Amino acid sequence: MDTKLLYIDTIGCQMNVYDSEQFAKGLRPLGYTLTSSLDTADLVIVNTCSIREKAQQKAFSFLGRLATLKRKNPDLIIGVGGCVAQQEGGRILERMPHLDFVFGTHAVGRLPKIVKEIELKRQSFVDIDNSGGMDGLEPIAVMPSAEDNQSPIRFVTIMRGCDNHCTYCVVPHVRGREVSRNPENILKEIRNLVKSGVREITLLGQNVNSFGKKEGSCSFPELLFQIHDIEDLLRIRFTTSHPKDLSRNLIDAFSDLDKLCRHIHLPVQSGSNLILRRMNRKYKREEYLEKVDRLHSIYPDIAISTDIIVGFPGETPEDFDRTLDLIKQVEYDNLFAFKYSDRSHAPATGYPGKVSELVKKERLEAVLDLGKKYAAKKNRTLIGSTELILVEGFSKKQRKSVLDRKINGRQWSGRTSTNKIVNFTNGRGSESNDGISKGQMIRVQIDKASVHSLSGTVKDSISHAAGNPLRLSAGSLKGGESYVAQS
Ligand code: SAH
Ligand code: SF4
Ligand code: F3S
(Lines give C-alpha, C1' and ligand atoms only; values in the text may rest on other atoms or scores of the structure.)
(Ligands and ions follow the chains in the order given, each with its own letter.)
Protein backbone atom coordinates (compact mmCIF):
# COMPACT_ATOMS: atom_id res chain seq x y z
CA MET A 1 0.00 0.00 0.00
CA ASP A 2 1.27 3.50 -0.83
CA THR A 3 2.18 5.67 2.09
CA LYS A 4 0.17 8.86 2.03
CA LEU A 5 0.67 11.88 4.24
CA LEU A 6 -2.01 13.27 6.52
CA TYR A 7 -1.90 16.77 8.02
CA ILE A 8 -4.40 17.59 10.79
CA ASP A 9 -5.01 21.12 12.04
CA THR A 10 -6.83 21.10 15.38
CA ILE A 11 -8.63 24.16 16.70
CA GLY A 12 -10.72 24.19 19.90
CA CYS A 13 -10.97 22.21 23.09
CA GLN A 14 -9.45 18.93 24.31
CA MET A 15 -12.40 17.03 22.82
CA ASN A 16 -11.14 18.05 19.39
CA VAL A 17 -7.59 17.01 20.30
CA TYR A 18 -8.95 13.58 21.22
CA ASP A 19 -11.04 13.37 18.05
CA SER A 20 -8.06 14.32 15.89
CA GLU A 21 -6.16 11.37 17.36
CA GLN A 22 -9.11 9.22 16.33
CA PHE A 23 -8.95 10.61 12.78
CA ALA A 24 -5.28 9.61 12.53
CA LYS A 25 -5.88 6.13 13.95
CA GLY A 26 -8.87 5.51 11.69
CA LEU A 27 -6.99 6.54 8.55
CA ARG A 28 -3.90 4.47 9.26
CA PRO A 29 -5.31 1.28 7.64
CA LEU A 30 -5.81 3.36 4.46
CA GLY A 31 -2.08 4.06 4.37
CA TYR A 32 -2.03 7.54 5.92
CA THR A 33 0.75 8.59 8.28
CA LEU A 34 0.87 11.92 10.04
CA THR A 35 3.05 14.75 8.80
CA SER A 36 3.81 18.11 10.34
CA SER A 37 4.44 19.66 6.95
CA LEU A 38 1.35 21.06 5.28
CA ASP A 39 3.02 21.40 1.89
CA THR A 40 3.75 17.69 1.52
CA ALA A 41 0.32 16.41 2.62
CA ASP A 42 -1.95 14.26 0.44
CA LEU A 43 -4.88 14.77 2.82
CA VAL A 44 -5.55 17.81 5.04
CA ILE A 45 -8.21 17.71 7.75
CA VAL A 46 -9.17 20.82 9.69
CA ASN A 47 -10.87 20.03 13.00
CA THR A 48 -12.85 23.16 13.81
CA CYS A 49 -14.39 24.92 16.82
CA SER A 50 -17.35 27.29 16.92
CA ILE A 51 -17.47 28.19 20.60
CA ARG A 52 -16.83 31.89 19.83
CA GLU A 53 -16.89 33.89 16.61
CA LYS A 54 -13.11 34.23 16.72
CA ALA A 55 -12.54 30.45 16.74
CA GLN A 56 -14.89 30.06 13.79
CA GLN A 57 -13.11 32.84 11.88
CA LYS A 58 -9.79 31.15 12.55
CA ALA A 59 -11.12 27.98 10.93
CA PHE A 60 -12.48 29.80 7.88
CA SER A 61 -9.32 31.80 7.38
CA PHE A 62 -7.15 28.65 7.50
CA LEU A 63 -9.52 26.84 5.14
CA GLY A 64 -9.44 29.82 2.76
CA ARG A 65 -5.64 29.77 2.65
CA LEU A 66 -5.71 26.12 1.57
CA ALA A 67 -7.03 27.20 -1.85
CA THR A 68 -3.47 28.09 -2.94
CA LEU A 69 -2.24 24.65 -1.94
CA LYS A 70 -5.05 22.99 -3.87
CA ARG A 71 -4.18 25.01 -7.00
CA LYS A 72 -0.59 23.80 -6.74
CA ASN A 73 -1.66 20.20 -6.09
CA PRO A 74 -5.12 19.42 -7.51
CA ASP A 75 -4.88 15.83 -6.13
CA LEU A 76 -4.83 17.13 -2.58
CA ILE A 77 -7.92 16.11 -0.56
CA ILE A 78 -9.19 18.60 2.02
CA GLY A 79 -11.77 17.79 4.70
CA VAL A 80 -13.46 19.82 7.44
CA GLY A 81 -14.49 18.21 10.71
CA GLY A 82 -15.52 19.36 14.17
CA CYS A 83 -18.08 21.83 15.43
CA VAL A 84 -18.12 24.33 12.54
CA ALA A 85 -18.58 21.38 10.17
CA GLN A 86 -21.52 20.15 12.22
CA GLN A 87 -23.03 23.63 12.34
CA GLU A 88 -22.53 24.71 8.72
CA GLY A 89 -22.63 21.40 6.82
CA GLY A 90 -22.75 21.74 3.01
CA ARG A 91 -22.71 25.56 3.19
CA ILE A 92 -18.94 25.33 3.77
CA LEU A 93 -18.49 23.62 0.40
CA GLU A 94 -20.65 26.25 -1.34
CA ARG A 95 -18.53 28.97 0.18
CA MET A 96 -15.20 27.22 -0.47
CA PRO A 97 -15.35 24.94 -3.51
CA HIS A 98 -11.70 23.92 -3.09
CA LEU A 99 -12.74 21.74 -0.14
CA ASP A 100 -13.67 18.09 -0.72
CA PHE A 101 -15.65 16.96 2.27
CA VAL A 102 -17.37 18.02 5.48
CA PHE A 103 -17.97 15.60 8.32
CA GLY A 104 -19.69 16.46 11.57
CA THR A 105 -18.99 15.64 15.18
CA HIS A 106 -21.06 12.43 14.96
CA ALA A 107 -19.22 11.13 11.90
CA VAL A 108 -15.77 10.50 13.41
CA GLY A 109 -16.22 6.71 13.12
CA ARG A 110 -17.27 7.04 9.48
CA LEU A 111 -14.22 9.09 8.44
CA PRO A 112 -12.23 6.19 6.89
CA LYS A 113 -15.24 5.26 4.74
CA ILE A 114 -15.70 8.87 3.62
CA VAL A 115 -12.03 9.26 2.66
CA LYS A 116 -12.09 5.95 0.73
CA GLU A 117 -15.15 7.15 -1.23
CA ILE A 118 -13.46 10.44 -2.09
CA GLU A 119 -10.24 8.73 -3.17
CA LEU A 120 -12.29 6.57 -5.54
CA LYS A 121 -14.89 8.97 -6.86
CA ARG A 122 -13.34 12.39 -6.34
CA GLN A 123 -16.75 13.86 -5.54
CA SER A 124 -17.46 16.24 -2.70
CA PHE A 125 -19.21 14.73 0.30
CA VAL A 126 -21.13 15.93 3.36
CA ASP A 127 -21.82 13.83 6.47
CA ILE A 128 -23.31 15.73 9.37
CA ASP A 129 -25.88 13.10 10.24
CA ASN A 130 -26.43 12.98 13.97
CA SER A 131 -29.01 10.22 13.99
CA GLY A 132 -26.38 7.50 14.22
CA GLY A 133 -26.54 7.33 18.03
CA MET A 134 -23.36 5.74 19.28
CA ASP A 135 -21.67 5.70 15.87
CA GLY A 136 -18.48 7.64 16.14
CA LEU A 137 -18.72 7.74 19.90
CA GLU A 138 -16.57 4.72 20.64
CA PRO A 139 -12.95 5.23 19.71
CA ILE A 140 -11.50 3.43 16.76
CA ALA A 141 -10.03 0.20 18.08
CA VAL A 142 -6.47 0.34 16.85
CA MET A 143 -3.60 -0.32 19.22
CA PRO A 144 -1.34 2.70 19.62
CA SER A 145 1.67 2.50 17.34
CA ALA A 146 5.10 4.10 17.17
CA GLU A 147 3.77 6.93 15.05
CA ASP A 148 1.20 7.92 17.68
CA ASN A 149 1.69 10.84 19.97
CA GLN A 150 4.44 9.60 22.30
CA SER A 151 3.45 11.80 25.20
CA PRO A 152 2.93 10.13 28.60
CA ILE A 153 -0.20 12.23 29.12
CA ARG A 154 -3.37 11.78 27.12
CA PHE A 155 -7.04 12.86 26.94
CA VAL A 156 -9.82 10.28 27.03
CA THR A 157 -13.33 11.41 26.09
CA ILE A 158 -15.80 9.61 28.36
CA MET A 159 -18.97 11.36 27.21
CA ARG A 160 -20.13 13.54 24.37
CA GLY A 161 -22.70 16.28 23.96
CA CYS A 162 -24.39 18.33 26.66
CA ASP A 163 -27.90 18.41 28.14
CA ASN A 164 -27.46 21.75 29.84
CA HIS A 165 -28.79 24.82 28.21
CA CYS A 166 -26.47 27.64 29.14
CA THR A 167 -27.97 30.44 27.09
CA TYR A 168 -24.68 31.60 25.52
CA CYS A 169 -23.42 28.20 24.45
CA VAL A 170 -23.36 26.49 21.06
CA VAL A 171 -22.07 23.13 22.34
CA PRO A 172 -25.47 21.42 22.77
CA HIS A 173 -26.23 22.36 19.15
CA VAL A 174 -22.94 21.18 17.65
CA ARG A 175 -22.27 18.16 19.86
CA GLY A 176 -25.84 17.01 20.45
CA ARG A 177 -27.47 15.41 23.46
CA GLU A 178 -25.33 14.04 26.25
CA VAL A 179 -24.24 10.40 25.79
CA SER A 180 -21.86 8.52 28.10
CA ARG A 181 -19.55 5.83 26.85
CA ASN A 182 -19.63 2.29 28.12
CA PRO A 183 -17.37 2.14 31.24
CA GLU A 184 -15.82 -1.17 30.11
CA ASN A 185 -14.70 0.38 26.83
CA ILE A 186 -13.22 3.37 28.65
CA LEU A 187 -11.26 1.07 30.97
CA LYS A 188 -10.04 -1.01 28.03
CA GLU A 189 -8.89 2.09 26.20
CA ILE A 190 -7.00 3.41 29.24
CA ARG A 191 -5.36 0.02 29.87
CA ASN A 192 -4.13 0.02 26.26
CA LEU A 193 -2.81 3.56 26.61
CA VAL A 194 -0.97 2.60 29.80
CA LYS A 195 0.56 -0.41 28.02
CA SER A 196 1.93 1.98 25.41
CA GLY A 197 3.61 4.17 28.06
CA VAL A 198 0.88 6.69 29.00
CA ARG A 199 1.03 7.57 32.72
CA GLU A 200 -1.57 10.33 33.11
CA ILE A 201 -5.04 10.63 31.62
CA THR A 202 -7.51 13.49 31.63
CA LEU A 203 -11.11 12.34 31.39
CA LEU A 204 -13.18 14.62 29.20
CA GLY A 205 -16.85 15.53 29.21
CA GLN A 206 -18.83 18.79 29.14
CA ASN A 207 -20.25 17.83 32.52
CA VAL A 208 -18.46 14.79 33.93
CA ASN A 209 -20.63 14.83 37.07
CA SER A 210 -23.55 13.43 35.11
CA PHE A 211 -21.55 10.55 33.65
CA GLY A 212 -23.60 7.36 33.25
CA LYS A 213 -26.77 8.82 34.78
CA LYS A 214 -28.91 8.47 31.66
CA GLU A 215 -27.49 5.08 30.77
CA GLY A 216 -27.66 3.81 34.38
CA SER A 217 -24.14 2.39 33.95
CA CYS A 218 -22.06 3.76 36.81
CA SER A 219 -21.55 7.15 38.43
CA PHE A 220 -18.52 9.33 37.74
CA PRO A 221 -16.93 8.67 41.17
CA GLU A 222 -17.47 4.92 40.61
CA LEU A 223 -15.73 5.19 37.24
CA LEU A 224 -12.85 7.03 38.90
CA PHE A 225 -12.43 4.20 41.42
CA GLN A 226 -12.24 1.63 38.63
CA ILE A 227 -9.73 3.67 36.65
CA HIS A 228 -7.70 4.16 39.80
CA ASP A 229 -7.13 0.39 39.97
CA ILE A 230 -5.27 0.34 36.65
CA GLU A 231 -1.71 -0.60 37.43
CA ASP A 232 1.06 1.71 36.19
CA LEU A 233 -1.37 4.57 35.60
CA LEU A 234 0.02 7.27 37.86
CA ARG A 235 -2.30 10.24 37.55
CA ILE A 236 -5.93 10.96 36.78
CA ARG A 237 -7.42 14.36 35.94
CA PHE A 238 -10.86 15.32 34.67
CA THR A 239 -12.65 18.24 33.12
CA THR A 240 -15.25 19.78 33.18
CA SER A 241 -17.20 19.63 36.35
CA HIS A 242 -20.34 21.81 36.29
CA PRO A 243 -20.58 23.57 39.66
CA LYS A 244 -24.31 22.84 40.01
CA ASP A 245 -23.63 19.08 39.95
CA LEU A 246 -20.41 18.87 41.95
CA SER A 247 -21.37 16.12 44.39
CA ARG A 248 -20.21 15.18 47.86
CA ASN A 249 -19.05 11.83 46.45
CA LEU A 250 -16.82 13.54 43.92
CA ILE A 251 -15.38 15.86 46.56
CA ASP A 252 -14.66 12.81 48.75
CA ALA A 253 -12.95 11.06 45.85
CA PHE A 254 -10.01 13.43 46.23
CA SER A 255 -9.19 11.91 49.62
CA ASP A 256 -9.95 8.32 48.63
CA LEU A 257 -7.96 8.22 45.40
CA ASP A 258 -4.22 8.93 45.57
CA LYS A 259 -3.88 9.16 41.82
CA LEU A 260 -6.56 11.83 41.45
CA CYS A 261 -4.70 15.10 40.96
CA ARG A 262 -5.32 17.96 43.37
CA HIS A 263 -6.91 20.28 40.84
CA ILE A 264 -10.47 21.06 39.85
CA HIS A 265 -11.69 23.25 37.00
CA LEU A 266 -14.92 24.83 38.21
CA PRO A 267 -16.19 27.34 35.63
CA VAL A 268 -18.15 30.08 37.38
CA GLN A 269 -18.77 32.34 34.32
CA SER A 270 -20.02 35.30 36.40
CA GLY A 271 -20.17 36.53 39.98
CA SER A 272 -23.58 38.15 39.59
CA ASN A 273 -26.70 36.16 40.44
CA LEU A 274 -28.72 38.11 37.90
CA ILE A 275 -26.32 37.23 35.11
CA LEU A 276 -25.98 33.62 36.30
CA ARG A 277 -29.76 33.30 36.11
CA ARG A 278 -29.86 34.75 32.61
CA MET A 279 -27.04 32.42 31.61
CA ASN A 280 -29.20 29.55 32.98
CA ARG A 281 -26.27 28.22 35.01
CA LYS A 282 -28.62 26.91 37.74
CA TYR A 283 -26.50 27.94 40.72
CA LYS A 284 -26.17 31.11 42.72
CA ARG A 285 -22.95 32.85 43.61
CA GLU A 286 -23.43 31.83 47.26
CA GLU A 287 -23.86 28.15 46.38
CA TYR A 288 -20.75 28.24 44.22
CA LEU A 289 -18.71 29.87 46.98
CA GLU A 290 -19.99 27.32 49.48
CA LYS A 291 -18.65 24.50 47.29
CA VAL A 292 -15.32 26.28 46.92
CA ASP A 293 -15.12 26.74 50.70
CA ARG A 294 -15.88 23.08 51.24
CA LEU A 295 -13.14 22.08 48.79
CA HIS A 296 -10.64 24.44 50.40
CA SER A 297 -11.50 23.38 53.94
CA ILE A 298 -11.11 19.66 53.20
CA TYR A 299 -8.10 20.06 50.89
CA PRO A 300 -6.18 23.26 51.65
CA ASP A 301 -3.71 22.33 48.89
CA ILE A 302 -6.27 21.89 46.10
CA ALA A 303 -5.91 24.17 43.07
CA ILE A 304 -9.06 25.68 41.60
CA SER A 305 -9.33 27.17 38.12
CA THR A 306 -12.27 28.70 36.32
CA ASP A 307 -13.79 30.20 33.17
CA ILE A 308 -15.26 33.70 33.11
CA ILE A 309 -17.37 35.34 30.41
CA VAL A 310 -17.27 39.14 30.39
CA GLY A 311 -19.88 41.34 28.71
CA PHE A 312 -22.81 38.91 28.72
CA PRO A 313 -25.88 40.83 27.43
CA GLY A 314 -27.18 43.13 30.15
CA GLU A 315 -24.01 42.93 32.30
CA THR A 316 -23.84 46.24 34.18
CA PRO A 317 -20.73 47.69 35.87
CA GLU A 318 -22.21 46.45 39.17
CA ASP A 319 -22.64 42.91 37.84
CA PHE A 320 -19.07 43.02 36.59
CA ASP A 321 -17.81 44.24 39.99
CA ARG A 322 -19.44 41.18 41.54
CA THR A 323 -17.37 39.00 39.20
CA LEU A 324 -14.17 40.80 40.22
CA ASP A 325 -15.16 40.46 43.85
CA LEU A 326 -15.76 36.73 43.47
CA ILE A 327 -12.33 36.27 41.88
CA LYS A 328 -10.80 38.08 44.88
CA GLN A 329 -12.71 35.83 47.27
CA VAL A 330 -11.70 32.56 45.61
CA GLU A 331 -8.13 33.55 44.65
CA TYR A 332 -8.09 31.17 41.69
CA ASP A 333 -4.91 29.32 40.79
CA ASN A 334 -5.67 29.93 37.14
CA LEU A 335 -8.47 31.47 35.12
CA PHE A 336 -9.58 31.61 31.50
CA ALA A 337 -11.58 34.65 30.48
CA PHE A 338 -13.55 35.29 27.30
CA LYS A 339 -15.46 38.18 25.76
CA TYR A 340 -19.07 37.16 25.30
CA SER A 341 -19.69 36.19 21.68
CA ASP A 342 -23.10 35.81 19.98
CA ARG A 343 -23.62 32.29 18.61
CA SER A 344 -26.41 31.32 16.28
CA HIS A 345 -28.75 28.81 17.99
CA ALA A 346 -27.77 30.15 21.43
CA PRO A 347 -30.71 31.97 23.09
CA ALA A 348 -28.58 34.84 24.47
CA THR A 349 -27.95 35.98 20.89
CA GLY A 350 -31.47 37.44 21.01
CA TYR A 351 -31.08 39.05 24.43
CA PRO A 352 -31.17 42.85 24.74
CA GLY A 353 -28.46 44.96 26.37
CA LYS A 354 -25.50 43.98 24.22
CA VAL A 355 -22.23 45.26 25.71
CA SER A 356 -19.90 47.20 23.38
CA GLU A 357 -16.63 45.65 22.16
CA LEU A 358 -14.67 48.39 23.92
CA VAL A 359 -16.27 47.69 27.31
CA LYS A 360 -15.83 43.93 26.82
CA LYS A 361 -12.17 44.50 26.06
CA GLU A 362 -11.69 46.62 29.21
CA ARG A 363 -13.50 44.06 31.36
CA LEU A 364 -11.48 41.21 29.88
CA GLU A 365 -8.23 42.98 30.69
CA ALA A 366 -9.38 43.68 34.25
CA VAL A 367 -10.28 40.01 34.82
CA LEU A 368 -7.04 38.77 33.26
CA ASP A 369 -4.96 41.19 35.36
CA LEU A 370 -6.63 40.05 38.55
CA GLY A 371 -6.28 36.41 37.49
CA LYS A 372 -2.55 36.88 36.90
CA LYS A 373 -2.13 38.50 40.30
CA TYR A 374 -3.52 35.46 42.13
CA ALA A 375 -1.81 32.93 39.84
CA ALA A 376 1.54 34.61 40.57
CA LYS A 377 0.76 34.75 44.29
CA LYS A 378 -0.12 31.03 44.42
CA ASN A 379 2.98 30.13 42.41
CA ARG A 380 5.24 32.20 44.67
CA THR A 381 4.15 30.23 47.73
CA LEU A 382 5.74 27.14 46.13
CA ILE A 383 9.26 28.59 46.00
CA GLY A 384 11.50 26.44 48.20
CA SER A 385 9.09 23.50 48.24
CA THR A 386 9.68 20.10 46.65
CA GLU A 387 7.05 19.08 44.13
CA LEU A 388 6.29 15.72 42.58
CA ILE A 389 6.37 16.06 38.79
CA LEU A 390 5.42 13.72 35.98
CA VAL A 391 7.95 14.37 33.21
CA GLU A 392 6.00 15.22 30.04
CA GLY A 393 8.88 16.08 27.70
CA PHE A 394 11.32 18.86 26.90
CA SER A 395 10.36 22.39 27.92
CA LYS A 396 9.15 24.81 25.24
CA LYS A 397 12.47 26.65 25.37
CA GLN A 398 14.43 23.43 24.98
CA ARG A 399 12.29 22.45 21.99
CA LYS A 400 12.88 25.82 20.36
CA SER A 401 16.56 25.79 21.40
CA VAL A 402 16.35 29.25 22.91
CA LEU A 403 17.80 28.34 26.28
CA ASP A 404 19.75 30.73 28.36
CA ARG A 405 23.41 29.60 28.32
CA LYS A 406 23.42 29.75 32.09
CA ILE A 407 20.97 26.85 32.29
CA ASN A 408 22.72 23.65 33.27
CA GLY A 409 21.86 20.78 30.92
CA ARG A 410 18.63 19.97 29.11
CA GLN A 411 15.45 21.60 30.32
CA TRP A 412 12.44 19.35 30.87
CA SER A 413 8.83 20.11 31.62
CA GLY A 414 6.04 18.53 33.61
CA ARG A 415 3.24 19.50 35.96
CA THR A 416 2.53 19.36 39.64
CA SER A 417 -0.51 17.48 40.84
CA THR A 418 -2.12 20.93 41.10
CA ASN A 419 -1.59 21.43 37.33
CA LYS A 420 1.20 23.98 37.48
CA ILE A 421 3.83 23.80 34.76
CA VAL A 422 7.34 23.21 36.07
CA ASN A 423 10.45 23.55 33.88
CA PHE A 424 13.55 21.93 35.33
CA THR A 425 17.00 20.48 34.75
CA ASN A 426 18.96 17.94 36.73
CA GLY A 427 21.30 20.76 37.70
CA ARG A 428 24.41 18.80 36.89
CA GLY A 429 25.04 20.33 33.50
CA SER A 430 25.22 17.07 31.57
CA GLU A 431 23.61 17.48 28.17
CA SER A 432 22.70 14.11 26.77
CA ASN A 433 22.80 11.79 29.75
CA ASP A 434 20.92 13.59 32.47
CA GLY A 435 18.96 10.49 33.51
CA ILE A 436 15.59 12.11 32.90
CA SER A 437 12.97 10.70 30.55
CA LYS A 438 9.31 11.11 29.69
CA GLY A 439 6.83 9.40 31.98
CA GLN A 440 9.04 9.43 35.08
CA MET A 441 7.85 10.76 38.40
CA ILE A 442 10.54 12.89 39.97
CA ARG A 443 10.85 15.35 42.80
CA VAL A 444 11.82 18.86 41.84
CA GLN A 445 12.92 21.63 44.15
CA ILE A 446 11.16 24.84 43.07
CA ASP A 447 13.54 27.80 42.73
CA LYS A 448 11.56 30.39 40.77
CA ALA A 449 7.95 31.30 40.05
CA SER A 450 6.24 33.41 37.41
CA VAL A 451 2.57 33.85 36.49
CA HIS A 452 2.44 30.92 34.09
CA SER A 453 5.07 28.51 35.33
CA LEU A 454 7.59 27.44 37.93
CA SER A 455 11.18 26.39 37.49
CA GLY A 456 13.49 24.23 39.53
CA THR A 457 16.08 21.51 39.85
CA VAL A 458 15.68 17.77 40.24
CA LYS A 459 16.07 16.87 43.87
CA ASP A 460 16.23 13.09 43.78
CA SER A 461 18.42 11.20 41.41
CA ILE A 462 16.52 9.12 38.96
CA SER A 463 16.40 5.39 38.79
CA HIS A 464 15.91 3.52 35.53
CA ALA A 465 14.26 0.51 37.09
CA ALA A 466 15.16 -2.56 35.02
CA GLY A 467 16.16 -0.26 32.22
CA ASN A 468 12.61 1.02 31.93
CA PRO A 469 12.08 4.47 33.42
CA LEU A 470 8.31 4.02 33.18
CA ARG A 471 8.25 1.17 35.65
CA LEU A 472 7.16 3.00 38.71
CA SER A 473 4.66 1.37 40.96
CA ALA A 474 1.65 3.52 41.61
CA GLY A 475 1.60 2.36 45.21
CA SER A 476 4.75 4.31 45.76
CA LEU A 477 2.78 7.50 45.23
CA LYS A 478 0.75 7.14 48.40
CA GLY A 479 0.90 10.04 50.76
CA GLY A 480 2.19 12.35 48.08
CA GLU A 481 5.84 11.64 48.99
CA SER A 482 6.39 9.20 46.25
CA TYR A 483 9.44 8.46 44.52
CA VAL A 484 12.87 8.48 45.97
CA ALA A 485 15.48 6.37 44.28
CA GLN A 486 19.19 6.61 44.33
CA SER A 487 21.42 5.72 41.47
N1 SAH B 1 -18.81 22.51 29.48
C2 SAH B 1 -17.96 23.47 30.00
C3 SAH B 1 -17.56 24.58 29.07
C4 SAH B 1 -17.28 24.33 27.66
S5 SAH B 1 -17.00 25.74 26.68
C6 SAH B 1 -18.68 24.14 31.17
O7 SAH B 1 -19.86 24.13 31.28
O8 SAH B 1 -17.99 24.74 31.93
C9 SAH B 1 -15.60 26.50 27.48
C10 SAH B 1 -15.83 27.90 27.93
O11 SAH B 1 -16.07 28.75 26.82
C12 SAH B 1 -17.04 28.11 28.80
O13 SAH B 1 -16.81 27.75 30.12
C14 SAH B 1 -17.30 29.58 28.66
O15 SAH B 1 -16.58 30.33 29.60
C16 SAH B 1 -16.77 29.90 27.26
N17 SAH B 1 -17.86 30.18 26.32
C18 SAH B 1 -18.82 29.34 25.89
N19 SAH B 1 -19.66 29.97 25.05
C20 SAH B 1 -19.23 31.25 24.94
C21 SAH B 1 -19.68 32.39 24.24
N22 SAH B 1 -20.77 32.37 23.47
N23 SAH B 1 -18.97 33.55 24.36
C24 SAH B 1 -17.87 33.59 25.14
N25 SAH B 1 -17.41 32.55 25.84
C26 SAH B 1 -18.07 31.38 25.75
FE1 SF4 C 1 -22.06 24.78 27.18
FE2 SF4 C 1 -23.20 24.94 29.55
FE3 SF4 C 1 -23.00 22.58 28.32
FE4 SF4 C 1 -20.83 23.75 29.29
S5 SF4 C 1 -22.59 23.02 30.49
S6 SF4 C 1 -21.06 22.82 27.29
S7 SF4 C 1 -21.24 25.90 28.95
S8 SF4 C 1 -24.24 24.31 27.64
FE1 F3S D 1 -15.19 24.25 20.41
FE2 F3S D 1 -16.67 22.23 19.86
FE3 F3S D 1 -14.95 22.12 21.86
S4 F3S D 1 -17.33 24.33 19.85
S5 F3S D 1 -14.87 24.21 22.56
S6 F3S D 1 -14.44 22.31 19.72
S7 F3S D 1 -16.95 21.18 21.82
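A few notes on this one:
- Of the DSSP H helices in the chain, those that are both long (alpha-carbon extent of 27 Å or more along the helix axis) and hydrophobic (Kyte-Doolittle mean at least -1.0) are 53-72, 357-380.
- The alpha-carbon of Lys113 sits under 15 angstrom from the alpha-carbons of these aspartates and glutamates, leaving out residues fewer than 8 places away in its chain: Asp100, Asp127, Asp129, Asp135.
- Between Gln329 and Asp2, the simple label model (points 7 Å from Cα in the Cβ direction) yields a spacing of 6.3 nm.
- In nm, spacing of pseudo-spin labels at Arg428 and Ser247 (7 Å Cα→C-beta vector): 4.9
- Cβ-isolated cysteines (cut-off 4.7 Å), the chain: Cys13, Cys49, Cys83, Cys162, Cys218, Cys261
- When the listed pairs Lys328/Lys372; Lys54/Lys373; Lys25/Lys54; Lys70/Lys121; Lys373/Lys397 are checked against a 20 Å cut-off, the alpha-carbon distance exceeds it for Lys54/Lys373; Lys25/Lys54; Lys373/Lys397.
- Remark: accessible surface ordering of Asp321, Asp2 (largest first) is Asp2, Asp321, probe radius 1.4 Å.
- Only helices enter this figure: runs of n ≥ 4 DSSP H residues, each worth -39500 (n - 2.57), summed and divided by the residues of the chain, yield -10000 deg cm²/dmol at 222 nm to the nearest 500.
- Cross-link partners of Lys400 among aspartates and glutamates (Cα-Cα below 17 Å; sequence separation of 8 or more within a chain): Glu392, Glu431
- Each Lys and Arg Cβ is given +1 and each Asp and Glu Cβ -1; about its Cα centre, the chain then shows a dipole of about 880 debye.
- Dipole of the chain computed with +1 at Lys/Arg Cβ and -1 at Asp/Glu Cβ about the Cα centre; of Pro313, Gln269, Thr457, farthest Cα towards the positive end is Thr457.
- Net dipole in debye of segment 3-63 [+1 Lys, Arg Cβ; -1 Asp, Glu Cβ; about Cα centre; nearest 20]: 80
- Dipole-positive endmost among Ser151, Gly353, Gln329 within segment 146-380 (Cβ charges, Cα centre): Gly353
- Taking every alpha-carbon pair within the chain, the share separated by more than 31 Å comes to 49 percent.
- When each of Lys58/Lys188; Lys188/Lys459; Lys284/Lys354; Lys259/Lys291 is checked by Cα-Cα distance, pairs over 27 Å: Lys58/Lys188; Lys188/Lys459
- Tensor-based shape of segment 68-112 (alpha-carbon gyration tensor, a/c under 1.5 rounded, otherwise prolate or oblate): oblate
- In this entry, segment 223-347 is assigned a mean projected area of 8.6 nm², taken as a quarter of its C-alpha convex hull surface.
- Beta bridges per DSSP, both residues in the chain: antiparallel share near 30 percent.
- When each of Lys244/Lys282; Lys377/Lys448; Lys4/Lys195; Lys420/Lys448 is checked by Cα-Cα distance, pairs over 18 Å: Lys4/Lys195
- Packing, as the average of other Cβ atoms within 10 Å across residues, places the peptides 213-220, 9-16, 281-288, 355-362 in the order 9-16, 281-288, 213-220, 355-362, highest first.
- The distance from the alpha carbon centre of segment 372-404 to that of segment 187-259 is 26 Å, rounded to a whole number.
- Using the Karplus relation 6.51 cos²θ - 1.76 cosθ + 1.60 with θ = phi - 60°, the per-residue 3J(HN,Hα) values for segment 383-395 come to 4, x, 8, 10, 10, 8, 10, 8, 6, 9, x, 5, 5 Hz, with x marking Gly and Pro.
- Net length gained if the chain between Thr33 and Glu215 were fully extended (0.36 nm per residue, minus Cα distance): 61.9 nm
- Cβ-placed point charges (K, R +1; D, E -1), dipole of segment 283-393 about Cα centre in debye, nearest 20: 160
- Look at the dipole of the chain built from charges on Cβ: of Ser385, Ile118, Ser417, the Cα furthest out on the positive end belongs to Ser385.
The values are calculated or read from the model by the stated rules, or taken from the named source; none is laboratory data. Bear in mind that the values here come from a model prediction, so they are computed numbers and not experimental data. Virtual Cβ from ideal backbone geometry, glycine too; neighbours counted across all protein chains shown. These accessible areas exclude ligands, DNA and RNA; they are computed on the full protein's heavy atoms, side chains included. Shrake-Rupley method; radii C 1.70, N 1.55, O 1.52, S 1.80 Å.
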